[in-house]
Every structure is written in C-alpha cells, then in structure tokens.
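Written below as structure tokens is the structure these notes are about.
Readers should treat all values here as calculations from the given coordinates under stated rules, not as data from a laboratory. Not measured: the values here are computed from a predicted model. All Cβ positions, even for glycine, are placed from backbone atoms using ideal geometry, and neighbour counts span all protein chains on display.
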Amino acid sequence: MKLKEIQEFVKELRGLSQEELAKKENELKKELFDLRFQAAAGQLEKTARLKEVKKQIARIKTVQSELN
C-alpha cells in the first residue's frame, strides 16, 4: 500500500464503531488464514498480500486502542 492509501484506510477505520472494527478485523483474520493455507500448499501467487493483511490487522488494533 502506498502512503496515501494507508492514510485513507486509517481515516476510514477511525470513522467506524467498535463493532464494525471487530467485524473488519475478523474478516482480515479469515483472509490471513486462507492466505497462509495457500502459501503452505504452494498456491499463493501474491506473497506480499500476507504482509499487507498483517499490517492492516495491526492498524485496526491500534485504532481500537485509541477508542478505549
């Protein structure tokens, strides 16, 4: 992700409620699980997506802690 995309993503996250953030986090965790499964099977084409999803989950957790 480029810096502008990251800033827009975080801005979007800050506009969400705690429940919506938790839902988005669960969706990304499921995607991460699927990506890891594909990587283990040797079927993953976009390996950079793994790192990107992990960072998005971390950003969500950061915004959640800001709201507490």
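Charges at C-beta only: +1 for Lys and Arg, -1 for Asp and Glu. How large is the resulting dipole of the chain about its Cα centre, in Debye rounded to 20?
Working: 16 positive and 12 negative charges, 53 e Å.
It comes to approximately 260 debye.
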Problem - Neighbourhood charge, 10 Å Cβ-Cβ cut-off, centred on residue 44 and excluding it, Lys, Arg +1 and Asp, Glu -1 - result: +1
Completion exercise
Taking Cα atoms, the helix 48-67 axis meets the longest principal axis of the chain at an angle in degrees (rounded to 10) of 20
Fill in the blank from the handout: Distribution output for the chain: share of Cα-Cα pairs per 10 Å bin in percent, first bin at 0, values 20, 47, 26, 7, 0
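Give, as a single signed number, the net charge of other residues whose beta carbon lies under 10 Å from the beta carbon of residue 16, with Lys and Arg counted +1 and Asp and Glu -1.
Details: positive: 14, 23, 24; negative: 12, 19, 20.
With Lys, Arg at +1 and Asp, Glu at -1, the neighbours total 0.
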